[in-house]
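Since the structure comes first, as structure tokens, the remarks are kept for the end.
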Amino acid sequence: MNLFKGDITQLEVDAIVNAANKSLLGGGGVDGAIHRAAGPKLLEKCKTLDGCETGEAKLTKGYNLKARYVIHTVGPVWQGGINMEDQYLFNCYKNSLLLATQHGIRTIAFPNISTGIYGYPKELAAETAINTVKLHQDSPHKLKGVTFCCFDNKNYDIYEALLKDEDN
């Protein structure tokens, strides 16, 4: 597991994960940045996908991105942890990794799903992300590389501390 601070749209990996909304038609944050960088063909394709439910994942080409693919997943809106948000977030990572495996994707980068305007506590989200990826990487379907891409210092510091604990 790797850690990167910066713009996920600039990573040279097989697939980047988009923290999308249910419409898949773009929005703010990571979602908007990915749509802008990929170009108008991404939006055209997303219009044909009939949206995406929370915890699920769908695949498109990367179009103008350095990544060949975009895996779109819809994270949960934090509601105090009483509406299965932990399970939905786990499913975002699990389903994205399974989709990657099914399509021969060897390297993938994840943003900090649900920790922006969806309000998921950053520490809890990072623990879920790392634990879910670890489970996948301990399976026969292990990917060659998984990168956690943090745009801000707070998320980066949290991931750095948790990944350091994983190494010990």
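What follows draws every value from the coordinates through simple rules; no lab data is involved. What you see is a predicted model; the values in this text were computed from it and never measured. Every residue, glycine as well, gets a Cβ built from its backbone with ideal geometry; the counts of neighbours run over all protein chains shown.
How big is the antiparallel share of DSSP beta bridges in the chain, given as a percent to the nearest 5?
Numbers: 5 of 22 bridges.
Roughly 25 percent of the beta bridges in the chain run antiparallel, per DSSP.
Rounded to the nearest 0.05, what FRET efficiency is calculated for L3 and E44 with R0 set to 30 Å and r the Cβ-Cβ distance?
On the way: r = 33 Å, r/R0 = 1.11.
The calculated FRET efficiency here is 0.35.
Counting each DSSP H run of 4 or more residues in the chain as -39500 (n - 2.57), what helix-only mean residue ellipticity at 222 nm follows after dividing by all residues, to the nearest 500 deg cm²/dmol?
-12500 deg cm²/dmol
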Options [x] 1, 7, 15, 20, 21, 16, 11, 6, 2, 0, 0; [y] 1, 9, 20, 24, 23, 15, 6, 1, 0, 0; [z] 1, 7, 11, 11, 11, 12, 10, 9, 9, 7, 6, 4, 2, 1, 0, 0 are given for P(r) over Cα pairs in 5 Å bins from 0, in percent, and the computed one is [y]
Among trypsin sites (Lys or Arg not before Pro) in the stretch 1-73, those in a DSSP loop whose Cβ has at most 15 other Cβ atoms within 10 Å are K22, K47, K66
